[in-house]
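Inspection log for the structure reproduced underneath, given as structure tokens.
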Amino acid sequence: MDARHAAAILARVNGSLRIAGIARPAEVEFSFEGRVLRAPVGESLATALLASGVLRLGEGPGAPRALLCMMGTCQQCLVRVDGRLAQACLTPVRAGLLVQAA
Amino acid sequence: MSVVRQRGRESAGYVFDCAVAGAGLMGCGTALHLARAGMRVAVLDRGAICREASGVNAGTLTMQMTRAALMPYALRAHEMWMRLPEWCDGGDVLAESRPGLSVAFTAHEAAMLEERARIRSKAGAPVELVSAGRAMEIEPGLTDRVLLASHCPVDGFASAYLTGRAFRPALLNAGVALFEGRAVRGVVRDAHGFTLETAAGPLRARRLVLAGGAWLEEMVGWLGVRLPIRTLINQLIVTERMRPVMHTVLGVASGLLSLKQFANGTVLIGGGWQGIGDRSRGALAVRAENLQGNVRLAAHAIPALRDARVVRAWLGVDAETADGLPAIGPVPGVPDAWMIGAVRSGYACGPYMGKLLAQAVLGDQPELPLFPVDRLLAREVA
Amino acid sequence: MTVAYDVAVLGAGPAGMAAATEAARRGARTVLLEENPQAGGQVYRAPPPGFFAPPDAERRAGDALRAALATSGAEIRTGHRVWGLGGGPLVPAGDPPAPFRIDALPSEGAPVTLEARALVLCAGTHERVIPFPGWTLPGVIGLAAATILLKAQGVLPGRRVVVAGAGPLLYAVAAKLVKGGAEVAAVADLAGRSEWARALPALAARPDLLARGAAWRAALASRSVPVLASHRVVAAEGGQVLERVRIAPLGGGDGEAFDCDALCIGHGLVPATEATRVFRAAHRYDRASGGWVPVLDADRRTSVPLLYVAGDAGGVRGAAAAPASGRLAALAALADLGVIGGKAHARARWRPWIEHWRAARSGGAMARMMAMRPALVSAIPAETVVCRCEGVTRAEIEAALDDGAADMNQLKQFTRCGMGPCQGRVCGEAAAELVAARVGGREHAGFATGRLPLRPLPMEALLGAFDYADIPVPAPSPV
């Protein structure tokens with residue numbers, strides 16, 4: 001077992017979905033439905049929510065809001081960012097983002 | 001192969017009582033009434049039922065964009081739309097009655113509005129002028145930049161895309177032979193009446209109704225009649241579902257905006273802004289500058305629309321005669337041949353027009369006058 | 001405000017990057033438009049600024065393409081979302097063809113309109129996920145989606161993951177999950193051993209790909225990950241989010257349950273034809289290439305003059321074939337524009353043509369494994385949602401077909417399937433197969449008419465700043 005793999009397992013055991021061995025910018029705070037969360041600035045909002053344990057982003061007309069394609073085509077990860085409808089997978093995390101279910 | 005597309009057995013010599021060329025709202029409505037009166041009717045369309053203007057229009061059921069002359073027809077058609085499931089075997093286009101507002105933003109528009117409201121009211125429409133304040137009470141989502149409005153308490157709208165599905169079972173239940181995907185290429189008069197030439201072989205009928213919408217000009221041309229029909233390529237825009245931002249049917253004095261929000265939250269924006277296309281190529285492309293102009297008018301009227309996302313823009317082919325009035329009545333000089341179309345805001349009046357023409361085809365006096373095209377003709381020299 | 005170019009390239013994946021590089025280097029005024037903040041497409045997707053991982057072979061290949069592009073002289077407009085296309089043949093009757101018009105939304109600043117004499121479309125593909133019970137549970141993501149998450153964002157989709165579907169992506173994702181520290185509960189491969197065996201001869205010319213695949217399998221074997229050949233996902237189950245996945249042999253049965261918090265599942269890639277459909281270019285149905293594809297000649301010309309398609313948008317052939325495809329399209333555009341002469345074109349095209357032919361062999365074999373599998377659609381239960389945007393179930397689609405809907409446009413009118421914000425991208429394949437089963441094939445089922453906007457467009461962006469007097473109101477009709 002190499003050091004990197006050991007670090008990854010450690011990260012998993014510690015509860016983080018973020019893969020170890022990757023340099024990331026400093027974390028910033030943002031909120032989802034009033035909960036304060038942290039993520040590296042520039043990470044996609046979809047990823048940041050996933051890594052924070054938020055899978056169910058809201059209720060859509062035909063299915064729950066959730067991550068599906070991660071590339072901006074499926075329109076399933078819709079959320080409200082600072083009041084505006086946005087696709088979480090296309091929105092980079094910035095400090096102070098106010099995110100709500102759409 | 002799909003089983004439901006063609007109904008009715010037809011031997012080579014079979015002669016229908018009536019053939020209807022065109023399965024839009026006008027053709028279907030006429031055919032339904034004829035079939036229920038006992039005629040053996042065939043309806044043919046090169047495409048699917050109600051796939052052209054009838055299925056892609058804004059679904060506005062308003063008294064406020066209709067020509068004054070059509071007002072009595074629109075009033076009766078409004079009633080028919082609201083009760084569609086009752087007389088169309090459960091067919092439903094989700095028609096709703098809503099208050100309608102036509103608004104003015106400038107002094108010039110206010111003058112236009114006053115004139116139009118007067119004319120329409122005189123023609124029997126329940127239309128009244130209201131102040132800006134009253135208009136905003138009726139429609140809280142309306143901008144405060146409105147100067148004046150005309151109000152009709154019984155406008156409405158329907159989901160036009162449901163029209164084909166709404167009429168299809170009723171037609172089949174009435175014994176209509178519906179031939180979708182069967183283009184009529186020409187018509188010949190003969191001893192039986194008419195022989196329609198189609199890719200799938202000839203079809204014979206004693207009577208003929210031409211209901212081809214924008215393609216009426218080509219159709220009456222088969223019978224040697226020259227009737228110029230102007231083609232319009234209307235643009236429409238729909239948003240994704242959004243929170244309730246309006247509940248009326250909204251227009252502007254010039255007639256260049258139609259705006260409504262459906263029960264599912266989507267907002268439909270129209271008003272006759274033109275795209276690119278023609279009768280031979282069909283509706284081809286949206287004009288981006290007209291997309292912008294139409295949307296600007298809508299957002300000016302209902303500012304909350306700024307929050308929306310546009311999901312789809314599409315086009316429909318509409319038709320107009322030289323004087324803007326419908327082409328409904330006998331084909332001049334050709335016994336047992338009729339035409340119906342080019343109504344302009346034909347969706348609102350559609351069900352009633354079909355009923356009227358059926359009365360004429362059955363040999364009865366129609367309840368209200370038709371719109372015979374002798375007034376418009378340039379007869380081709382034989 | 002309109003800016004004019006010789007060649008506009010849409011999409012900065014490997015095909016688009018190579019096309020723009022080739023066109024610019026040969027002297028054409030070239031612009032490359034890309035929605036993402038950096039060039040790369042899906043395969044070579046760059047991580048966000050400030051994120052850094054030790055580069056692998058794939059990252060280095062992407063960097064090389066980006067570097068060549070940067071020095072080519074092409075104008076690179078990243079962060080530009082193209083929503084509108086026009087011009088070309090879309091002109092009033094009797095008018096000559098116009099330059100192509102491109103309407104785009106930058107991530108910062110006002111909307112732009114560009115004009116170009118020639119247009120090279122390199123929009124790639126989107127993922128196909130055929131509905132199954134529980135597929136809308138949060139925690140179910142695509143295979144290509146998992147790739148983006150792992151490679152570009154450096155995050156695991158879950159701690160205990162099931163991977164399912166078909167094609168090489170399956171093993172690439174599973175191996176990457178293991179490497180990243182996740183536990184892979186199972187890999188359910190729709191393909192059996194014989195299907196893989198049939199694909200091998202085409203891979204013989206690519207020992208690098210074979211070695212990579214073997215390494216993936218070895219990584220899974222070393223962690224004792226169960227790899228189930230000829231197996232499918234029967235259901236995803238859970239309350240608010242995914243909790244377990246049921247996997248069964250293709251032959252039948254309720255199968256075995258695997259507890260998990262993520263399911264990465266994909267059923268192939270579908271060429272993006274939104275733009276070619278808007279221009280009413282000719283298309284044909286080619287199941288092995290991913291479905292509907294534009295009709296193309298050997299130089300990537302569509303049936304519309306000066307309109308070209310390169311890369312997977314013209315038929316799935318893989319990332320290795322894409323740059324050559326892009327260069328062929330660029331060369332054809334330059335020849336057709338008169339920027340290069342016929343002899344120069346003939347000399348220049350043979351190398352990319354051979355490169356493409358070679359790469360397309362293995363790429364095509366992999367594409368075949370990712371082609372639509374109709375059995376997956378037949379298996380969709382009646383009450384399962386097919387159109388997620390509008391909540392349309394299989395039962396509602398079948399009822400519409402019973403009522404006479406006979407093609408995709410009619411199905412849309414009867415059910416609203418495809419009218420939501422995804423514009424039919426997620427539901428389209430499953431819906432089309434359901435129609436096809438009734439009307440005798442995908443050719444008869446057709447596809448929905450191409451429309452603008454190409455993606456949902458925020459009203460704000462379309463409005464701009466205006467006064468009421470600015471609105472060019474056409475003449476009103478008489479009363």
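Give me the extension gain from C:Asp95 to C:Ala53: residue separation times 0.36 nm, minus the current Cα-Cα distance, reported in nm with one decimal.
That works out to 9.7 nm of additional length.
Pull up the cross-link candidates among the aspartates and glutamates for C:Lys176, meaning alpha carbon to alpha carbon under 16 Å and not fewer than 8 places away within one chain.
Straight-distance partners of C:Lys176: A:Asp2, C:Asp56, C:Glu58.
For chain C, what is the accessible area per residue in Å², given a 1.4 Å probe and the full set of protein chains?
Each residue of chain C exposes 36 Å² on average to a 1.4 Å probe.
If you wrap a convex hull around the Cα atoms of region C:25-100, how much volume per residue is inside, in Å³?
It comes to 118 Å³ per residue, whole-number rounded.
Angle, helix C:57-70 long axis vs. longest principal axis of chain C, Cα atoms, 0 to 90°, nearest 10?
10
Applying 1/(1 + (r/R0)^6) with R0 = 35 Å to the Cβ-Cβ distance of C:Ala70 and C:Ala197, what FRET efficiency is obtained, to the nearest 0.05?
Working from the Cβ atoms, E equals 0.25.
For the full complex of protein chains and a 1.4 angstrom probe, list C:Arg361, C:Arg128, A:Arg24 by accessible area with the highest value first.
Sorted descending by solvent-accessible area, the residues read C:Arg361, A:Arg24, C:Arg128.
Given H placed on each backbone N at 1.01 Å, which residues far from B:Val310 in sequence or on other chains put an amide H within less than 5 Å of it?
The list, which skips near neighbours in sequence, is C:Leu457, C:Met459.
Tell me which of B:Phe194, B:Thr143, B:Asn173 sits at the most positive position along the dipole axis of region B:100-207, charges placed on C-beta atoms (Lys, Arg +1; Asp, Glu -1).
Farthest towards the positive pole: B:Phe194.
Any idea what the relative contact order of region B:249-382 is, in percent, if you count C-alpha pairs under 8 Å spaced at least 6 apart?
Answer for region B:249-382 is 14 percent.
How big is region C:91-158 in terms of Cα radius of gyration and Dmax, in angstroms?
Calculated on Cα positions, Rg and Dmax stand at 19.9, 58 Å.
Any cysteines in chain C with zero other Cys Cβ atoms under 4.7 Å from their Cβ? List them, or say none.
C:Cys122, C:Cys260, C:Cys264, C:Cys389, C:Cys422
What aspartates and glutamates could a cross-link reach from C:Lys412, if we take a straight Cα to Cα line under 15 Å and drop same-chain neighbours fewer than 8 places away?
B:Glu52, C:Glu390, C:Glu396, C:Glu398, C:Asp402, C:Asp403, C:Glu429, C:Glu433
Can you give the translational diffusion coefficient of region B:223-324 in µm²/s, computed by Stokes-Einstein from the Kirkwood radius over Cα pairs at 37 °C and 0.692 mPa s?
Reported coefficient: 224 µm²/s.
Can you pull a Stokes-Einstein diffusion coefficient for chain C at 37 °C (0.692 mPa s), Rh from Kirkwood over Cα pairs, as a whole number of µm²/s?
Calculated translational D: 139 µm²/s.
If all Cα-Cα distances of region B:329-382 are sorted into 5 Å bins from 0 onward, what percent lands in each bin, rounded to whole numbers?
The percentages, shortest bin first, are 4, 18, 27, 26, 14, 8, 3, 0.
As an exercise, take the mean of 1/r over every pair of distinct alpha carbons in chain B, invert it, and state the Kirkwood radius in angstroms.
Radius from the Kirkwood sum: 21.3 Å.
Share of antiparallel DSSP beta bridges in chain C, in percent to the nearest 5?
So the antiparallel bridges amount to about 50 percent of the total.
How high is the FRET efficiency between B:Glu367 and C:Ser378 when r is their beta carbon distance and R₀ equals 41 Å, given to the nearest 0.05?
E between B:Glu367 and C:Ser378, to the nearest 0.05, is 0.20.
Under the Kirkwood approximation applied to all pairs of distinct alpha-carbon atoms, what is the hydrodynamic radius of region B:278-347 in Å?
Every distinct Cα pair counted, the radius reaches 15.6 Å.
Restricting things to alpha carbons, tell me how big region B:260-382 is in terms of Rg and Dmax, in Å.
Answer for region B:260-382, Rg first and Dmax second: 19.3, 60 Å.
In debye to the nearest 20, how big a dipole does chain B give about its Cα centre with +1 on each Lys and Arg Cβ and -1 on each Asp and Glu Cβ?
580
In square angstrom, rounded to the nearest 10, how much accessible surface does B:Leu362 have for a 1.4 Å probe?
Estimated to the nearest 10 Å², B:Leu362 gives 70 Å².
Cα extents of region C:374-427 along the three principal axes, largest first, in whole Å?
The Cα atoms of region C:374-427 stretch 25, 23, 18 Å along the principal axes, largest first.
What is the set of long-range amide H partners of B:Val209 at a cut-off below 5 Å, with H atoms built 1.01 Å from backbone N?
Long-range HN contacts for B:Val209: B:Ala19, B:Val20, B:Ala21, B:Trp338.
Just give the residues from region B:224-264 buried by at least 10 square angstrom of accessible area in the all-chains context relative to the isolated chain, probe 1.4 Å, and say none if nothing qualifies.
Going by heavy-atom accessible area, the residues of region B:224-264 that drop by at least 10 Å² are B:Glu240, B:Arg241, B:Ser254, B:Leu256, B:Asn264.
For a paramagnetic label modelled at 7 Å from the Cα of B:His108 toward its Cβ, which residues of region B:235-259 fall within the zone defined by backbone nitrogen distances under 15 Å?
B:253-256
Count, for each residue of C:138-148, the Cβ atoms from other chains sitting within 10 Å of its Cβ, then give me the mean as a whole number.
6
Could you list which residues have their amide H under 5 Å from that of C:Thr125, counting only those 5 or more apart in sequence or on another chain, with H placed in the peptide plane?
C:Ala272
Using only alpha carbon pairs under 8 Å that are at least six residues apart, calculate the relative contact order of region C:309-445 and give it in whole percent.
18
Report the accessible surface area buried between chains A and C, summing both sides, using a 1.4 Å probe on protein heavy atoms only, in Å² rounded to the nearest 100.
In total, this chain pair buries about 3900 Å².
I need two numbers for region C:329-479: Rg to one decimal and Dmax as a whole number, Cα atoms only, in Å.
Cα only, region C:329-479: 23.1, 67 Å (Rg, Dmax).
Do the sum for the protein assembly as shown: with -39,500 (n - 2.57) for every DSSP H run of n ≥ 4, divided by all residues, what is the mean residue ellipticity at 222 nm, to the nearest 500 deg cm²/dmol?
-9000 deg cm²/dmol
Among residues other than C:Ala469 whose Cβ falls under 13 Å from its Cβ, what is the net charge (Lys/Arg +1, Asp/Glu -1)?
For residues surrounding C:Ala469, the net value is -1.
Given the C-alpha centroids of region C:406-427 and region C:140-178, what is the distance between them in whole angstrom?
Each part's Cα centre sits 29 Å from the other's.
Would you please report the Å³ per residue occupied by the convex hull of the alpha carbon atoms in region C:75-233?
217
Ratio of the protein assembly as shown's C-alpha Rg to 2.2 N^0.38 Å, to two decimals?
Ratio of Cα Rg to 2.2 N^0.38 Å: 0.99.
Under a 1.4 angstrom probe, counting protein chains only, how are A:Leu90, B:Leu32 ranked by accessible area, largest first?
From most accessible down to least: A:Leu90, B:Leu32.
Starting from the Kirkwood radius over alpha-carbon pairs of chain A, derive D by Stokes-Einstein at 37 °C in a medium of 0.692 mPa s and give it in µm² s⁻¹.
It diffuses with D of about 230 µm²/s by this estimate.
Report in % the part of the accessible area of region C:1-143 that belongs to carbon and sulfur, leaving out ligands and nucleic acids; probe 1.4 Å.
57
Using r as the Cβ-Cβ distance of C:Glu460 and C:Ala399, and R0 as 41 Å, what FRET efficiency do you calculate, to the nearest 0.05?
Plugging the Cβ-Cβ distance into 1/(1 + (r/R0)^6) gives 0.60.
Near C:Lys179, which lysines are there with a Cα under 17 Å away, not counting those fewer than 8 places off in the same chain?
Within the straight-line cut-off, C:Lys179 pairs with C:Lys151.
Of the candidates B:Leu172, B:Leu101, B:Leu216, which one comes out as most mobile in a Gaussian network treatment of chain B with C-alpha springs shorter than 10 Å?
Judging by the Gaussian network model, the answer is B:Leu172.
Give me the percent of the accessible area of chain B that comes from carbon and sulfur atoms, probe 1.4 Å, all protein chains in place.
Ligands and nucleic acids excluded, carbon and sulfur reach 52 percent.
What dipole magnitude, in Debye to the nearest 20, does region C:102-260 give about its Cα centre under +1 on Lys/Arg Cβ and -1 on Asp/Glu Cβ?
Roughly 580 debye for region C:102-260.
Starting from the residue with the highest accessible area, list B:Ser121, B:Ser254 in decreasing order, probe 1.4 Å.
Ranking B:Ser121, B:Ser254 by accessible area, largest first, yields B:Ser121, B:Ser254.
Have a look at A:Gly62, A:Gly34, A:Gly21 and tell me which one the Gaussian network model of chain A (Cα, springs below 10 Å) gives the largest fluctuation.
Largest GNM mean-square fluctuation: A:Gly62.
Kirkwood Rh, region C:276-405, all Cα pairs: how many Å?
After inverting the pairwise mean of 1/r, the radius is 17.1 Å.
Using just the C-alpha positions of region B:53-162 as equal point scatterers, what log10 of I(q)/I(0) does the Debye formula give at each q in 0.13, 0.15 1/Å?
Taken in order of the listed q values, log10 I(q)/I(0) reads -0.53, -0.68.
Using DSSP loop states and a limit of at most 16 other Cβ atoms within 10 Å to flag GluC sites (Glu not before Pro), what is the longest stretch of chain C containing no flagged site?
In short, C:244-382.
The values are calculated or read from the model by the stated rules, or taken from the named source; none is laboratory data. Please read all numbers here as calculations on a predicted model, not as lab measurements. Note that we place each Cβ from the backbone using ideal geometry, even for glycine, and neighbour counts take in every protein chain shown. To get the accessible areas, we keep the full protein, side chains included, count just its heavy atoms, and leave off ligands, DNA and RNA. Shrake-Rupley method; radii C 1.70, N 1.55, O 1.52, S 1.80 Å.
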